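Have a look at the structure below before the remarks.
Every number in this text was worked out from the coordinates using simple rules, so none of it is lab data. Quantities reported herein were computed from a predicted structural model and do not represent experimental measurements. Reconstructed Cβ throughout: ideal geometry from the backbone, glycine too, with neighbour counts over all protein chains shown.
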Amino acid sequence: MSEPGADPRAAGMAKMQEVYGFTVDPDDLEGPYVDVTVDHLFGTVWTREALGVRDRRLATIGVIAAQGLPGLLEVQFDAALERGELTEEQLRELVLHLTHYVGWPLSTGMSGAAETIIARRRKAAAAAAAPTEEGRP
């Protein structure tokens, strides 16, 4: 958990960067929504010590899957793979496990999101590993 008296904005932005690989600066956007998201959700809740990032991510994935939000699942799946919290095999197993709890109609979007992210990451890795011709990617 962040230190007592610590700046929740700084803690939130650092935790958001750790969790997703990006952050949003509330000072750049109007309204209180991003302030609360960064300061409270990431600066206070995600920084608590009782659960790690992977545990929190798995719980979050379950909730998002139950709501049928494949776009948000893609963000979670990509971050989980990028951070090494899940392997492709574990991601696919998680989809199969959650399918039995959220139901087949919702799970089609979840499965599609997982396969989209796996394919996107494989394509990017293959492109990065491909030899270049005289300085051309």
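The table for this structure:
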| read-out | value |
| --- | --- |
| Contact order normalised by residue count of the chain, Cα under 8 Å, 6+ apart, percent | 21 percent |
| Hydrodynamic radius (Kirkwood) for segment 17-84, which is based on Cα pairs only, to one decimal in Å | 13.0 Å |
| For segment 84-137, alpha-carbon Rg over 2.2 N^0.38 Å | 1.56 |
| About the Cα centre, charge dipole magnitude for the chain (Lys/Arg +1, Asp/Glu -1 at Cβ), debye | 520 debye |
| Residues 47, 132, 99, sorted so that the one with the fewest Cβ neighbours within 10 Å comes first | 132, 99, 47 |
| Phi to ³J(HN,Hα) by Karplus 6.51 cos²θ - 1.76 cosθ + 1.60 over segment 36-51, Hz, x for Gly, Pro | 5, 4, 6, 5, 8, 4, 8, x, 10, 6, 5, 8, 5, 7, 5, 10 |
| Which labelled figure in (i) 21, 19, 15; (ii) 31, 14, 12; (iii) 28, 23, 14 is semi-axes √(5λ) of the Cα gyration tensor in Å, once derived from the coordinates | (iii) |
| Order by protection proxy (mean Cβ within 10 Å, highest first), peptides 68-79, 16-27, 116-127 | 68-79, 16-27, 116-127 |
